[in-house]
Amino acid sequence: MVKDLNIEFKLNTMVIDINEEKQITAMNKEEGLFILNAKAVILAMGCRERARGALNIPGYRPAGIFSAGTAQHLLNIEGLMPGKEVVILGSGDIGLIMARRMTLEGATVKVVAELMPYSGGLKRNIVQCLDDYHIPLKLNHTIIDIDGKERIQGVTLAKVDENRKPIPGTEEYISCDTLLLSVGLIPENELSQSMGIKLDPVTSGPIVNERLETNRKGVFACGNVLHVHDLVDYVSEEAGIAGRNAAEFVKYLNSQPDTVNGEIITLIPESGVRYTVPQYLNPEKMEEILTVRFRVDNVYQNKNVSVYYNDKLIVKRKKKIMAPGEMEEIKLKKQDLFSFPSLNKISLRIEE
Ligand SMILES: Cc1cc2nc3c(=O)[nH]c(=O)nc-3n(C[C@H](O)[C@H](O)[C@H](O)COP(=O)(O)OP(=O)(O)OC[C@H]3O[C@@H](n4cnc5c(N)ncnc54)[C@H](O)[C@@H]3O)c2cc1C
């Protein structure tokens, strides 16, 4: 699409700074350090994987410990097999997908261990990537020791209590030559922060309005840098919205009213809802229908997603199952928002 539209792009190029005037400092081998001046910026830096250092697991630093993404790269891009006997820590989608991938390539995945009482991944991935291959999933478990000096030889698993602390006496040694870590993604927002963009402490991504615009006018965000997505399809959808709005911003630069001073409705995540994206909206600027995405904080069965306008219940929708690993959504209609007098707050709750 980029080529069809004749859009210039630069590979192997690292943006090292964006300032408040939307001046971008980047570097690559051919041009060295260079500066670009932008009228609008779309932040789409994605996430990085949480590494072993963040986990405080004791032990030496033997070979054979990979992030799930590194193992995926080795297998899919380089055609290299990371190992034969595998333990996976973390049951997010990447960990689950890698359990299947390693199995299909001939490895034995001995166990997927998960600290939480539920998997962080999609239900369909648990079925299709673990159950179908008889790979055990141990919930409420973590690794408390890594054995091996040159190459990893095994790990010690232990059950954890409700405070996620290992329970003495539940230790179990599992031999392996490979440990894959799939223990969370961190939105890559160092550049955003250095240009004064406000982040949501729950998503670790920028706080945005209905057009995915951050608190800096003309700076938009989409994809995993905004919040960690379960499906790449939603990333593409969001990217389209950010692109359209950035183009509009450039076109009508001088006539763009300041959203922050406009008619603002705040979206508030309440009982059972961890966050919403967007976090606020201006009904005048939104499209006819706005999709609000959110995640729940636990596994809920046969509960309702309730939407309140200024504390008045507007919608109550029953869901058979909701889990933290799956993004949820509600749709807001522009017409409904306008017909509600002095609306300034929309809350989302999980209720009976
Ligand atoms: C390890 C891993 C495995 C996954 N596997 C699957 C899968 O099998 N199926 C699936 O549907 N989804 C998968 N996902 C999810 C999917 O990859 C993401 O939802 C999607 O790629 C997010 O798109 P994005 O454009 O927001 O970020 P990304 O695809 O991560 O793209 C961000 C890009 O920005 C670049 N970048 C970052 N900082 C800078 C900078 N300072 N200067 C220049 N460039 C920069 C990065 O190099 C990267 O190319 C996986 C995710 C991960 C992390």
How about segment 22-46: which of its residues are of a type in the set (A, V, I, L, M, F, W, C), outside any loop (DSSP other than H, G, I, E, B) and surrounded by 13 or more Cβ atoms within 10 Å (Cβ to Cβ)? Ile24, Ala26, Met27, Phe34, Leu36, Val41, Ile42, Leu43
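When you go through Ile186, Ile174 one by one, which is the residue that is over 14 Å from Ile57 (Cα atoms), touching a helix residue (DSSP H, G or I) at 6+ places or on another chain (Cβ under 9 Å) and either part of a strand (DSSP E or B) or not acidic (Asp, Glu) (or both)? Even if it seems obvious, please write down each step before you answer.
Details: Ile174 fails: touching a helix residue (DSSP H, G or I) at 6+ places or on another chain (Cβ under 9 Å).
Unique residue meeting the criteria: Ile186.
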So, in segment 92-125, how many residues would count as being among the hydrophobic types (A, V, I, L, M, F, W, C), over 18 Å from Lys159 (Cβ atoms) and away from the ligand (no atom under 15 Å from the Cβ)? 2
Collect the residues in segment 183-199 that are open to solvent by less than 20 Å² (accessible area, probe 1.4 Å) and either small (Gly, Ala, Ser) or touching a Phe, Trp or Tyr at 6+ places or on another chain (Cβ under 9 Å) (or both), keeping them in residue-number order. Ser192
Given the residues Asn37, Asn12, which is the only one that is at pLDDT 95 or above, closer than 25 Å to Glu190 by Cα and more than 15 Å from the ligand (Cβ to nearest atom)? Asn37
When you scan segment 40-68, how many residues do you find that are in contact with a Leu (Cβ under 9 Å, 6 or more places away or on another chain) and within 13 Å of the ligand (Cβ to nearest atom)? 13
In segment 21-39, which residues are free of Cβ contacts under 8 Å to residues at least 60 places away in the same chain and of a type in the set (D, E, K, R)? Glu21, Lys29, Glu30, Glu31
Filter segment 94-141 for residues that are open to solvent by less than 30 Å² (accessible area, probe 1.4 Å) and not aliphatic (A, V, I, L, M) and give the result. Gly95, Glu114, Ser119, Gly121, Asn125, Cys129, His141
For segment 47-88, the count of residues that are closer than 30 Å to Met195 by Cβ, assigned by TED's automatic domain parsing to the domain that holds Leu157, surrounded by fewer than 18 Cβ atoms within 10 Å (Cβ to Cβ) and touching a strand residue (DSSP E or B) at 6+ places or on another chain (Cβ under 6 Å) equals 1
Under 6 Å between Cβ atoms, which residue pairs at least 6 apart in sequence (or on different chains) link something in segment 159-173 that is assigned by TED's automatic domain parsing to the domain that holds Asn140 with a partner that is of a type in the set (Asp, Glu)? Ile167/Asp161
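The values are calculated or read from the model by the stated rules, or taken from the named source; none is laboratory data. Note that this is a predicted model, so its numbers are computed, not measured. As a convention, Cβ positions derive from the backbone with ideal geometry for all residues, glycine included, and neighbour counts pool all protein chains shown. Please note that ligands, DNA and RNA were not included when accessible areas were found on the heavy atoms of the full protein model with its side chains. Shrake-Rupley method; radii C 1.70, N 1.55, O 1.52, S 1.80 Å.
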